[in-house]
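J.: Below is the structure I would like to discuss, written out as structure tokens.
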Amino acid sequence: MEESTVVLTNMCFYIVLFVFCWKKYKFRNLSTFLSLLYMFSAISSYLLFNFPLYEASFTAVGESTLEASIYLFVLNTIFITTFSNAKLDDLQFLTFYNERLILKWQKILVVCLAVYVLVCLPSSIISFSGSNDLANLRNEQYGDNTGASSFVVINLISRIFGGMTIFLLCLPCINYFLLGKSTRWDKYSLIVYALFKINTILSAVSRGTIIFSFIEIFIILFFFYPYIDKKVMKVIKKWGTISILGVYLVFSAITFARFEKQGDSVVATFATLRYAGEAQLNFMNLVYPDLKEPWYGYRQLTLFRRVLGLPYDDGTTRNGSTVYDDYISSEYHWPHPVYVFYSAAGSWVMNMGFFLPFIIAVWINYKFKKNYGCRRKASVILLILTIIVSAYYAKGIFIPDYQNESGNMMIILLIFAYLCLKKNGRTIAIINRVYTK
């Protein structure tokens, strides 16, 4: 089959999946939202494949096959349908709940990340606003870990709690939408969340952080939609519109500064389109035909490999400011770029091989559907996991999140929270105020 036909067929797969999810699960369902994002990625792949500059990209050295497309589509479909049962319309009881314990964790997280922001944000603002070349500022973050703070305590906070920012969204939303309350610590949580993201955007000149933040917010809105009344929704839309306009200006400024040279808007357009659509093409063209051996968590489970005394990706083996990694090239015989988009599914395959990702994905899919089998009750940990994992899959149209040390640390902290709440939590009735049916 011609490569152009394969890419077109691949796009059709995801369009059909979105239509299926829309018809079966309705629009305000996490699986439908995820299928929409993956359809967007597939359409972007098709547009990128037909873009005039595509042949000059490293992706074009490979050739897409139908077999690779089907493999990726099936794995992504398992991801997407994991949350088809994750509905809160009939929820009446929240289990494993301990208000005092959760509030204590929330305070610790807010205080620690607030300290981090207070130390790092001023220098990030100065660096961003005072830079004449954002492309060079971005490149300075690569290769030697120079982005780390000179303060040991700040580095520890980043390594331990840096992946926990999504909790600053989860906890206030559970309190407000389900339990009908809002504390000052909930407000502090939202403020620190926003400032932490702003710091990351400015310090790393990161467009990805902008997109990932909006994905997390949209996941929250889709998940808690039945509990959002019309007045609150109007406020969300109002401030959401203002935020989107402001963020769009920052996003455009970063894109222009990093990619558009001498008034050539084609390069900037190509770069943006490549970010949106390269993940599926890279998997089909490079990973599926050329992966000789998996990386055994070298880039995915960095903290655990470090604890075991194994080599791990600490950012220092990157070949200058390029997308190649000397260690991976020599150790795993990988001839292609490393620091580009291969999607979450692609990262799983690169780190775990071609069979284990299916086993893990099917197990996660089964566990979520089983735990949402009883619509009348759900544990607070299940709600948090639903938001985190669905956001992870959503971001997975680009790259997997949480594959650095702080992301791995989040897994440990989640297990700790589950064990504590299972032992000390109780079942409570939630306020029955569903606004939409």
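The values are calculated or read from the model by the stated rules, or taken from the named source; none is laboratory data. Please read these numbers as outputs of a predicted model, since none were measured by experiment. With ideal geometry, Cβ positions are generated from the backbone for all residues, glycine too; neighbour counts draw on all protein chains shown. All accessible areas refer to the heavy atoms of the entire protein, side chains included, with ligands and DNA or RNA removed. Shrake-Rupley method; radii C 1.70, N 1.55, O 1.52, S 1.80 Å.
J.: Round to a whole number: what % of the accessible area of region 15-127 belongs to carbon and sulfur, probe 1.4 Å?
T.: 68 percent
J.: Can you tell me which of 215-226, 412-423, 61-72 comes out highest on packing, and rank the rest after it, using the mean Cβ neighbours within 10 Å?
T.: The most tightly packed comes first, giving 215-226, 61-72, 412-423.
J.: While we're here: Indicate, rounded to the nearest 5 percent, the antiparallel portion of the DSSP beta bridges found entirely in the chain.
T.: The antiparallel proportion sits near 60 percent.
J.: Something else now. Determine the alpha carbon to alpha carbon distance for each of LYS107/LYS369; LYS24/LYS369; LYS187/LYS231; LYS234/LYS395; LYS107/LYS197; LYS370/LYS422 and list only those over 21 Å.
T.: Over 21 Å Cα-Cα: LYS107/LYS369; LYS234/LYS395.
J.: Which value in nm describes the separation of the simple spin-label points at GLU63 and LEU190, placed 7 Å from the Cα toward the beta carbon?
T.: 5.5 nm
J.: Among 112-119, 337-344, what's the highest-first ranking by average C-beta atoms within 10 angstrom per residue? Before the final figure, lay out the partial values.
T.: Working: 112-119: 19.0, 337-344: 22.8.
Ranking, from highest mean packing down: 337-344, 112-119.
J.: What FRET efficiency do you get for SER123 and ILE415 if R0 is 35 Å and r is their Cβ-Cβ distance, rounded to the nearest 0.05?
T.: 0.55
J.: Could you give the length gained by full extension between VAL111 and LYS234, i.e. 0.36 nm per residue of separation minus their alpha carbon distance, to one decimal place?
T.: Details: separation 123, 0.36 × 123 = 44.28 nm, distance 3.09 nm.
Taking VAL111 through LYS234 to full extension adds about 41.2 nm, to one decimal.
J.: A further question follows. Using 0.36 nm per residue, how much length does the chain from VAL19 to ALA429 gain when fully extended, once their Cα-Cα distance is taken away?
T.: Extra length from VAL19 to ALA429 when fully extended: 144.0 nm.
J.: Going by average Cβ density within 10 Å per residue, which order do the peptides 31-37, 178-184, 157-163, 15-21 take, highest to lowest?
T.: The peptides rank, most packed first, as 31-37, 157-163, 15-21, 178-184.
J.: Can you give the extra length, in nm with one decimal, that the chain gains between ARG375 and ASP314 once fully stretched, where that is 0.36 nm per residue apart less the Cα-Cα distance?
T.: 17.7 nm
J.: At a threshold of 8 angstrom on Cα-Cα distance, excluding pairs fewer than six apart, so keeping six or more, what relative contact order does region 311-374 reach in percent? Numbers along the way, then the final one.
T.: Numbers: 27 pairs, mean separation 10.4, N = 64.
The normalised contact order for region 311-374 reaches 16 percent.
J.: Rounded to whole Å, give me the distance from the Cα center of region 11-35 to that of region 147-213.
T.: If we compute the Cα centre of each part, the gap is 30 Å.
J.: What trypsin sites (Lys or Arg not before Pro) in region 337-420 are in a loop by DSSP, with at most 13 other Cβ atoms within 10 Å of the Cβ?
T.: Qualifying residues, ordered by number: ARG375, ARG376.
J.: Would you mind computing, in nm to one decimal, how far apart the modelled labels at PHE304 and GLN92 are, each placed 7 Å from Cα along Cα→Cβ?
T.: In this crude label model, PHE304 to GLN92 measures out at 3.9 nm.
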